[in-house]
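Asker: Take this structure first; my questions come after.
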Amino acid sequence: MNKKPWPKSNPDVCIRCAACMAVCPVSRVTPLFPGPKQAGPGAERFRKTEDPSVDPWIDLCIGCHLCDLVCSSGVPISELNLIARAKYLDEKGRPLRDWLLTHSYLFSGIASFFSVITNFLLKNRAFKWIADAFLSIDRRRELPPYQSPTFRQWFRGHHSTGEKKIAYFYGCYINTNEMDVGKATVQVLEANNFEVILPPQECCGLPMLGNGNFKGARKMGLKNVPFLLKTIRSGVEIIFSSTSCGYMIRHDYSRLLNIPGSEEVAEHLFDLFEFLRNLRENGNLNTHFKEFPLKVAYFAPCHLRSLGIGLPALDILRLIPSLQIENIEADCCGLGGTFGFKKEKYDISQEIGKDLKAAINRLNPEIVLTDCEGCRMQIRHLTGLKVLHPIQILRDAWMR
Amino acid sequence: MHYDLIIIGMGLSGLMAAKTAAEAGRKVLIVGKGMGCLTLFSNTIDVLGKIPETTRLRDGLSQWIQDHPEHPYSKVGLTRIEEGLSSFTSLFYPPYIFQTIGDGNCFIPTGAGTMRPTYLIPDTMVAGASGKEKKGLIVGFKGFRDFYAGYVAGPLNWRGIALPLPETPGQEISATALSRWMEKESFRKTIGQEIKKNLSGETCVGVPAILGINDPIKVKMDLEEKIGVGVFEIPTLPPSIPGMRIFNRFKEWLIRRGVNFLSGYSISKASLKGKRCEGVYIHHPPVSSFYSADRLILATGRFIGGGLVAGRERISDPIFNLPVRQPGSQEEWFGKSFFDEHPIHRMGILTDSSLRPIDETGEPILENVRVAGTILSGHHCVNEKSREGIEIATGYWAAKKAMEQ
Ligand code: SF4
Ligand code: SF4
C-alpha cells in the first residue's frame, strides 16, 4: 500500500443519537456486529493508523450506506467502516476467494464465450461443493449464469439511430449475465429519439472497493475516467442502468478514490430513470404506453437510495396505465455485492433478506422490479419470483 | 426539478407538512439531512404536559394560548391544533393506533421510573397508562442496556426482573434486534413462558418498547395470551422503536402518494431573489443539484439536527440566515446548573401568525417561506412537554398557509 492509503474522516461530530442504530440491517440480525454507532464513530476514536486492527467484526459491515442516510450530524459512518475494514483486511490478508469474487471481469469474457460449459459447472453440485470447501463460497447460493452473445456483442450488430446522442455505461453484469437489461435500455432510449453509443469501459471497481481494496478500485477508476471524460467533452451525457456502478462512478471515484477528472464526469452522469424523469419534466418523454395490467412490486436498492435522487423508476413506472405498482417497504436485501456469497456471511445475509422477503410476501406481486443486479439475484434466491430491471417493464409497456 | 412545495427537514413537523400538502394533491419534495428526531425523543405525542393533571386538554390549551401570545400554539390557534392532531392520528389504522385516555393528559411510566404526562399514546402503551393504581411486573433483558427494569419498578413500588436472552448469553443486543426477535413466534414462546413463571400476583407486565416494528399489536396480543395478563410498552433510551414506527408510517404513506422523499442530504444553499426563495441546492459531493419550488417550509429543528447553529456570539439558521431571537450574549444562554432553566431553549426563529419569518420590526423577510416545528421561537417544549404537539400543529398549519398562497 502507498503511504496514505485511506482518506480520513472526522468521527467527532457524532452526538450518539443512535438514529443509525435504528436502521442498520446487520446489527438488527446479529449481535456479532455492534452497529454503526459503535463500529463507526465510536471505535474510530480509538483507532490509530500505526496500531494493528483489533475488531474483526468490522468485516461484517455490509456497506449499505443506510446509516449515513439517517445521521443528522453528517457522520460518514459507512466510510469510516470501509476504511477500517480495508485496514483490517490488508493486515489479515485476503483469501483467494475474495480475489476471484472481485475480479470476475477478467474471466467473464471467456466464461460467456463458453457459457454452455460455464453454466453447467456453475449449477453443478460437485462444483459448488468444491467452491464451498476450498474457496468458502457458500454452496447454497446460485452462481449467476453467463450469457452468449454478450450485450456488447449484440450491440455491435445493432444499428442505433436517433436525433441526439447518449452514452451508456452498462457495467459487467449486464454485459455478460443480463444482456436483456442493456437491450431494453437501448430500446427505450431509441424510442425517445436518442442514438446510443457505448464508450470504452471496464469494471467500475466497486466489488474491489466493497472488499476494502482501495488500490485495485482506484486502478479501475483511473482506466474508466479518461474514456468517460472524452465522451462528455464531446458533448454527450452518460447514463447508467446499474445503481451500484453509478454510485461508484458518481460519488466514490472522487470522494474516496480521488480520481482526477471524476468530478467533471459526475456532473454529466445520470441514473437511467433519473434521466427519463428529467425528459418527462421537460415534456420530452415518449409516454405512449399501452395498458399493462400486471401486479408488480418495486424495491429501491441501497445504492439508489444513497444516490439521493428519490425513486425515479417508481415515478416513471406509475405513468403506465393499469400497471399496479407498490413500493416494497424494506431496507437492504442482504446480498451486499459479494458479501452474501461468502460462506461465513451467508447466514447473516439470509437473515437480512428474510425481512425483505416478508415485505414482498405482504404485497404478493407477480413480478419484482429493482435497479441493482445484486438485489435481483438475492430476491430471486429468496422468493423464487421473476425479478426484472424496471427498464424491461417500461420497454414492454411500449413494444407489446 | 420543480415542485409546488419543498420541505426542508424530516422530523415530525416536516413530515406533517408533507402529508398535508400531498393530501391536497401538490407536488412535494421533502429533504432531510437525516431522519429527524423521531427516534431520539418521541415515543408518544406530548401536546401540553405542563397543565394540571385533571384539566381537559382543550381547556388547558385555550388558557395557554391566552397567556402566551408569542407561543407557536397561539399562532396556529386551537381549532387548527386539533385539526393537525386528528390528521396525524388518521394516518394510523387499526390495530396500531394512537389514542387518548379521557380528554386530558394521561401518565405513563418512563425508563427512569417516573410517571410522565403525555397526550396521545399508541395502543401498545395503554395498559400502562395511569398505572400507579395497578400492580405490575417490569421485565428487562440481560444484554439490553437501554432499559433497566429495576429503575422503572423501584419508584413505582413494583417488581423488576431481568431475563436472560436465549441464544446470545453475555452479548449486547440493540433495541432493533430485540424488536425483530419479538416478531418471531418461537422467541415469544420462550420469553412468554419465562415471564409467566416469574409472575407473583401482578396484574400487568411492562416491557421496554421493543414489541416489534411491523406489527406490534400482534406481538403484544400474542404475548398477553402466553402470559395471561396485559402487556404494555415503556419508552427506552434512543433509538425509540415507537418513534421509528411513526417515521416508517409517514414514509410509506408519502412515497405512495408520490412525494419525493430524500433523506441523507443537506441543503448547501438557498437561491434568493428579493423577498422570495426560488429553490435550493442539495449537495452530494461532488454533485450539486438545484430544485426549484413555488413555496418552501423550513422545518429543520433546533441544535441536534443542525437547524440552528451556535457561533461564538450569535445563533443562526444556516440555510436562510433568518433572524433568531437571541437572549443576550453567550453568558446568558445557560443557567447555573443542568436542571435550571436555560434561556438558550427559548431561542428560535421569529414569525408572523402565518408562520412566515419576520425581522425585529415584524416585516416578513421571505414571502414564500414558512417555518415549522421546534425551530420556532416562543416555546420551551422540553419544560412544557409540548414537542410533538408543536411539531404536528405547526407542520400542518405551515403547509395549509403555504398552499393558500
Ligand atoms: S446517527 Fe450519526 S450522530 Fe447519531 S449516533 Fe449514529 S453516527 Fe452518531
Ligand atoms: S453501512 Fe449498513 S451495515 Fe454498515 S454500519 Fe451502516 S447501516 Fe450497518
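Asker: Over chain B, what per residue volume does the convex hull of the Cα atoms give, in whole Å³?
Answerer: 157 Å³
Asker: Work out how much length B:Phe303 to B:Glu360 would gain on full extension: take 0.36 nm times their residue separation and subtract the Cα-Cα distance, in nm to one decimal.
Answerer: Working it through step by step, the gained length comes to 18.3 nm.
Asker: So how much accessible surface do A and B hide from each other in total, probe 1.4 Å, in square angstrom to the nearest 100?
Answerer: Counting both chains, the buried surface is close to 3300 Å².
Asker: Which semi-axis lengths, in whole Å and largest first, follow from the square roots of five times the eigenvalues of the Cα gyration tensor of the range A:226-335?
Answerer: Square roots of five times the eigenvalues give 29, 19, 9 Å.
Asker: Going out from 0 in 10 Å bins, what whole percent of all Cα-Cα distances in the range A:96-135 drops into each bin?
Answerer: Cα pair-distance distribution for the range A:96-135, in percent: 28, 52, 19.
Asker: Taking only DSSP H segments of four or more residues, each worth -39500 (n - 2.57), what value at 222 nm results for chain B once the sum is divided by all its residues, to the nearest 500 deg cm²/dmol? Please list the in-between numbers first.
Answerer: On the way: 12 runs with 125 residues, N = 405.
Mean residue ellipticity, 222 nm, calculated: -9000 deg cm²/dmol.
Asker: Each residue of the range B:105-112 in turn: what ³J(HN,Hα) in whole Hz from Karplus with 6.51, -1.76, 1.60 and θ = phi - 60°, glycine and Pro shown as x?
Answerer: 6, 10, 10, 10, x, 10, x, 9
Asker: If the only charges are +1 at each Lys and Arg Cβ and -1 at each Asp and Glu Cβ, what is the size of the charge dipole of the range B:56-168 around the Cα centre, to the nearest 20 debye?
Answerer: 420 debye
Asker: With bins 5 Å wide starting at 0, give me the P(r) of the range A:13-92 over every alpha carbon pair, in whole percents.
Answerer: 3, 17, 31, 25, 16, 7, 1
Asker: Project the alpha carbons of the range B:61-149 onto their principal axes and report the range along each, largest first, in whole Å.
Answerer: 48, 31, 27
Asker: For a quick size check, give me the Cα extents of the protein assembly as shown along its three principal axes, largest first, whole Å.
Answerer: Result, largest extent first: 80, 68, 59 Å.
Asker: Also, I was wondering about something else. Picking from A:Tyr247, A:Tyr346, A:Tyr168, which is most flexible by a Gaussian network model of chain A using Cα springs under 10 Å?
Answerer: Per the Cα network of chain A with a 10 Å cutoff, A:Tyr346 tops the list.
Asker: Other chains' Cβ within 10 Å of B:23-34 residues: what's the mean?
Answerer: 2
Asker: Continuing with this model, one more query. Taking all pairs of different Cα atoms in the range B:199-341, averaging 1/r and flipping that mean, what Kirkwood radius in angstroms comes out? Write down the numbers at each step before the final one.
Answerer: Details: mean 1/r = 0.0499 Å⁻¹.
About 20.0 Å, per the Kirkwood formula over Cα pairs.
Asker: For a quick check: with amide H placed at 1.01 Å from N, whose amide H comes under 5 Å from B:Val231's, ignoring anything fewer than 5 positions away on the same chain?
Answerer: B:Val205
Asker: From the P(r) of the range B:125-234, could you give the percentage of C-alpha pairs in the tail past 19 Å?
Answerer: Here the long-distance tail beyond 19 Å is 37 percent of all Cα pairs in the range B:125-234.
Asker: For the Cα atoms of chain A, what angle does the longest principal axis make with the long axis of helix A:214-233, in degrees from 0 to 90, nearest 10?
Answerer: Approximately 30 degrees, to the nearest 10.
Asker: Give me the angle, in degrees from 0 to 90, between the Cα long axis of helix B:241-256 and the longest principal axis of the Cα atoms of chain B, rounded to the nearest 10.
Answerer: The angle comes out near 50 degrees.
Asker: Over the Cα atoms of the range B:335-405, what radius of gyration and what Dmax do you get, in Å?
Answerer: Calculated on Cα positions, Rg and Dmax stand at 13.7, 46 Å.
Asker: When the gyration tensor of the range B:94-187 is built from Cα positions, what are the square roots of 5 times its three eigenvalues, in whole Å, from largest to smallest?
Answerer: One finds semi-axes of 26, 18, 10 Å for the range B:94-187.
Asker: Right, next: Work out how far the C-alpha atoms of the range A:151-279 reach from end to end along every principal axis, then list the three figures in whole Å, largest first.
Answerer: 40, 29, 24
Asker: Just want to confirm a number: the relative contact order over the range A:13-92, from Cα pairs under 8 angstrom separated by 6+ residues, in percent.
Answerer: 36 percent
Asker: From the gyration tensor of the Cα coordinates in the range A:76-118, what semi-axes in whole Å does the equivalent ellipsoid have, largest first, with each one equal to sqrt(5λ)? List each step's numbers first, then the result.
Answerer: Working: eigenvalues 198, 32, 8 Å².
The answer is 31, 13, 6 Å, longest axis first.
Asker: So what's chain A giving for Cα Rg divided by 2.2 N^0.38 Å, two decimals? It would help to have the intermediate numbers written out before the result.
Answerer: On the way: Rg = 20.7 Å, N = 400, 2.2 N^0.38 = 21.4 Å.
Rg over 2.2 N^0.38 Å, computed on Cα atoms: 0.97.
Asker: Roll a 1.4 Å probe over the protein chains and send me the accessible area per residue for the range A:96-135 in Å².
Answerer: Normalised by residue count, the accessible surface of the range A:96-135 is 66 Å².
Asker: Still on this structure: Comparing B:Gly335, B:Gly389, B:Gly128, which has the greatest mean-square fluctuation in the GNM of chain B with Cα pairs linked when under 10 Å apart?
Answerer: Greatest mean-square fluctuation among the candidates belongs to B:Gly335.
Asker: Can you tell me the orientation of helix A:104-113 relative to chain A, as the angle in degrees between its alpha-carbon axis and the longest Cα principal axis, to the nearest 10?
Answerer: Here the helix axis deviates by roughly 40 degrees.
Asker: Hey, any idea what Rg/Rh is for the range A:329-383, computing Rh the Kirkwood way over Cα pairs? The partial results should precede the final answer.
Answerer: Working: Rg = 10.7 Å, Rh = 11.2 Å.
Reported Rg/Rh, Kirkwood definition of Rh: 0.95.
Asker: Still on this structure, I have one more. What are the residues of the range A:280-294 that lose 10 Å² or more of accessible area, with a 1.4 Å probe, going from their chain alone to all protein chains?
Answerer: Buried-area filter returns A:Glu281.
Asker: Roughly how many Å is it from the Cα centre of the range B:202-217 to that of the range B:317-378, as a whole number?
Answerer: Cα centres, the range B:202-217 to the range B:317-378: 39 Å.
Asker: What is the set of long-range amide H partners of A:Glu237 at a cut-off below 5 Å, with H atoms built 1.01 Å from backbone N?
Answerer: A:Ala167
Asker: Could you bin all the Cα-Cα distances of the range A:41-192 into 5 Å bins starting at 0 and give me the percent of pairs in each, rounded to whole numbers?
Answerer: All Cα pairs, binned at 5 Å, distribute as 2, 8, 12, 13, 12, 12, 13, 12, 9, 5, 2, 0 percent.
Asker: With +1 on each Lys and Arg Cβ and -1 on each Asp and Glu Cβ, and nothing else charged, work out how big the dipole of the protein assembly as shown is about its Cα centre, in Debye to the nearest 20.
Answerer: 1700 debye
Asker: Additional query: With every protein chain left in place and a probe of 1.4 Å, what is the accessible surface of A:Phe214, to the nearest 10 Å²?
Answerer: Roll a 1.4 Å probe over it and A:Phe214 shows about 10 Å².
Asker: OK, next. In square nanometres, what is the average projected area of the Cα convex hull of the range A:110-213?
Answerer: Mean projected area of the Cα convex hull: 8.1 nm².
Asker: What is the spin-label model distance, in nm, from B:Arg325 to A:Glu202 if the labels are put 7 Å beyond Cα along the C-beta direction?
Answerer: Taking the two extended label points, one gets 6.2 nm.
Asker: Summarise the accessible area of the protein assembly as shown (1.4 Å probe, protein heavy atoms) by the percent that is carbon and sulfur.
Answerer: Numbers: 17060 of 32150 Å².
Result for the protein assembly as shown: 53 percent of the exposed heavy-atom area is carbon or sulfur.
Asker: Also, I was wondering about something else. As a test of understanding, state the convex hull volume per residue of the range B:53-112 from its alpha carbons, in Å³.
Answerer: With only Cα atoms used, the range B:53-112 gives 129 Å³ per residue.
Asker: Find the centroid of the Cα atoms in the range A:190-210 and in the range A:297-329, then give the distance between the two in whole Å.
Answerer: 21 Å
Asker: Let me ask something additional. Using a 10 angstrom Cβ neighbour count of at most 10 plus a DSSP loop assignment to flag exposed trypsin sites (Lys or Arg not before Pro), which longest range of chain B is free of such sites?
Answerer: Numbers: sites that count: B:Arg312, B:Lys336.
The segment B:1-311 is the longest one with no such site.
Asker: For the range A:288-399, go through all pairs of different Cα atoms, get the mean of 1/r, take its inverse, and jot down that Kirkwood value in Å.
Answerer: Value: 14.3 Å, from the Cα pair sum.
Asker: Given Cβ point charges of +1 (Lys, Arg) and -1 (Asp, Glu) and nothing else, what value in debye, to the nearest 20, does the dipole of chain B about its Cα centre take?
Answerer: I would put it at about 720 debye.
Asker: Please name the residues of the range B:241-272 whose accessible area, counted over protein heavy atoms with a 1.4 angstrom probe, falls by no less than 10 Å² between the chain alone and the full protein assembly.
Answerer: B:Met244, B:Lys251, B:Glu252, B:Ile255, B:Arg256, B:Gly258, B:Asn260, B:Leu262, B:Ser263, B:Gly264, B:Tyr265
Asker: Please calculate how many Å² of accessible area chain B carries per residue, with a 1.4 Å probe and no DNA, RNA or ligand atoms counted.
Answerer: Roughly 39 Å² per residue, with all protein chains present.
Asker: 222 nm [θ] for chain A, helices only, -39500 (n - 2.57) per DSSP H run of 4+, per residue, to 500?
Answerer: -13500 deg cm²/dmol
Asker: Other chains near A:26-35: what is the mean number of their Cβ atoms within 10 Å of each residue's Cβ?
Answerer: Details: counts 1, 5, 9, 4, 4, 11, 2, 2, 3, 5.
Mean partner shielding for this stretch: 5.
The values are calculated or read from the model by the stated rules, or taken from the named source; none is laboratory data. Fair warning: this is a prediction, and the values are worked out from it, not measured in the lab. Neighbour counts are summed over all protein chains in view; Cβ atoms, including those assigned to glycine, are modelled from backbone coordinates with ideal geometry. For the accessible areas, the whole protein counts, side chains as well, though only heavy atoms, and no ligand, DNA or RNA atoms are used. Shrake-Rupley method; radii C 1.70, N 1.55, O 1.52, S 1.80 Å.
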